[in-house]
Amino acid sequence: MTDLEKLQQMSLHDTAINSLQINFEARQLALVVAPYNEALDIYEELHLSFLGVNKLSSSFLETKTIPFNEVEVTSHEVTILAGEMTVTFIILTGFGEPSAKLSFAFEQVTLNQSRA
């Protein structure tokens, strides 16, 4: 199974975001999330590295105040239309706060998992 197929099939519901890095010059975006592994009773870091990033849009960056320790991915969707891959993350920005979107096109994704 390819990393793209894994990304399409995984569930990131209520998954804490540990890190978000955007390198505009290199067209790269790295997202580190920490899903809970119930079988092992631990959190594992999942590193999502997107290459060839383009068409970035975000209401996440427009949110007034973001309590960093409460930011979570609630869902994501990968679409492929006319050969262009796009991912949209729905992000929770704190208790009682509105959700936000982070969406962008990409050419390649790499997934790596490690223990947090």
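The values are calculated or read from the model by the stated rules, or taken from the named source; none is laboratory data. As the structure is a prediction and not an experimental result, all values here were calculated from the model. Here the Cβ positions follow ideal geometry from the backbone for every residue, glycine too, while neighbour counts run over all protein chains shown. These accessible areas exclude ligands, DNA and RNA; they are computed on the full protein's heavy atoms, side chains included. Shrake-Rupley method; radii C 1.70, N 1.55, O 1.52, S 1.80 Å.
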Dipole magnitude of the chain about its Cα centre (Cβ charges: Lys, Arg +1; Asp, Glu -1), debye to nearest 20: 300 debye
Taking a probe of 1.4 Å and leaving out DNA, RNA and ligands, the chain shows per residue an accessible area in Å² of 63 Å²
Based on the alpha-carbon gyration tensor of the chain and its eigenvalue square roots a ≥ b ≥ c, which shape applies: rounded if a/c is under 1.5, prolate if not and a/b is larger than b/c, or oblate? oblate
In whole percent, the fraction of accessible protein surface over the chain that belongs to carbon or sulfur atoms, probe radius 1.4 Å, stands at 50 percent
Relative contact order in percent for the chain (Cα pairs under 8 Å, 6+ apart) equals 29 percent
